[in-house]
Amino acid sequence: MSKRPADRDFLRGPQRRWIEFVRAVRIFLELIKGFRALHFVGPCVTIFGSARYKEGHRYYDLARKAGAAVGKLGFTVLTGGGPGVMEAANRGARDVGAKSIGCNIILPREQTPNPFLDKFVEFHYFFVRKLMLAKYSYAFVALPGGFGTLDELFEVLTLIQTGKMKNFKVVLMGGEYWAPILQMMKNMIAEGTIDAHDLDRILITDDPEEAARIIHERSVSEFKLDFKRPIKSWLLLEKS
């Protein structure tokens, strides 16, 4: 039986104040659930991409290699937790014994968490899920995808451009697929709607090892990242 998405009611416009209050509490509790679940998973790299690619597709295979390359360097691989590219990236992490985490979304046609997750968290609200995918990551890898992937990619680029997020690296894999969008970005530079250096934040490569090396170098050297995990507190009912 499908579940009614909370976003649908949330975006219907003003409603009774008590309904809005209950919704605000629900959003707050969903945020707390995400913070508690992901606080101790370690430094993450988020991998975006389509849910529609099946095993054997070149982008599924590329995502699996990317997940493995990132995982071998000590990062936790974080995805939207679903099938396709997300499954492949989590599977690659599992292949090399790295942590594999998913932030799943509850949809009318329910999206089942893929079987290669060490832990997953389910969210009702897309914006809460996107916050979690951004908050815990030191880099972002985008493979070919549809509207959802573009939404996630451009939100990250906007946060970096506006200084709301540190200048983390954004890696595009599947260069042929991204070529028209990169051309559009160059047109935006020509029109003056973005700056030329905005494209400097983007690395384009189909080599998973190169992507992982650049991510690691930038995270460790520029942001002084270490891989120590926060200490759990019994006062907050956190299991050691």
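The values are calculated or read from the model by the stated rules, or taken from the named source; none is laboratory data. Since this is a predicted model, take the numbers as computed values, not measurements. Quick reminder, even Gly has a Cβ in these numbers, built from the backbone with ideal geometry, and neighbours come from all protein chains shown.
Observations
- Members of the range 110-133 found to be touching a strand residue (DSSP E or B) at 6+ places or on another chain (Cβ under 7 Å), more than 21 Å from ARG91 (Cβ to Cβ) and not in a strand (DSSP E or B), listed by number: PHE126
- Residue match in the range 121-143 (condition: more than 23 Å from ALA37 (Cα to Cα) and either in contact with a Phe, Trp or Tyr (Cβ under 9 Å, 6 or more places away or on another chain) or surrounded by fewer than 17 Cβ atoms within 10 Å (Cβ to Cβ) (or both)): yes
- Scanning the range 60-84 for residues that are in contact with a helix residue (DSSP H, G or I) (Cβ under 6 Å, 6 or more places away or on another chain), closer than 21 Å to GLU152 by Cβ and in a helix (DSSP H, G or I) turns up TYR60, ALA63, ARG64, LYS65, ALA66, GLY67, ALA69, VAL70, GLY71.
- Lone qualifier among GLY13, GLY56 - being at pLDDT 95 or above and more than 16 Å from the chain's Cα centre (by Cα): GLY56
- Out of PHE48, PHE40, PHE75, sole residue that is surrounded by fewer than 18 Cβ atoms within 10 Å (Cβ to Cβ) and either under 27 Å from ALA211 (Cα atoms) or modelled with pLDDT under 95 (or both): PHE40
- Answer residue from the range 85-109, given it is part of a loop (DSSP other than H, G, I, E, B) and among the charged types (D, E, K, R) and is surrounded by the most Cβ atoms within 10 Å (Cβ to Cβ) among those: LYS99
- In the range 168-186, the residues that are surrounded by 11 or more Cβ atoms within 10 Å (Cβ to Cβ) and of a type outside the set (A, V, I, L, M): PHE168, LYS169, GLY174, GLY175, TYR177, TRP178, LYS186
- Candidates ARG64, ARG94 - the one that is under 16 Å from the mean Cα position of the chain (by Cα) and among the basic types (Lys, Arg): ARG64
- Residue match in the range 208-225 (condition: on the phi < 0 side of the Ramachandran plot, outside any helix (DSSP H, G or I), among the charged types (D, E, K, R) and at pLDDT 95 or above): no
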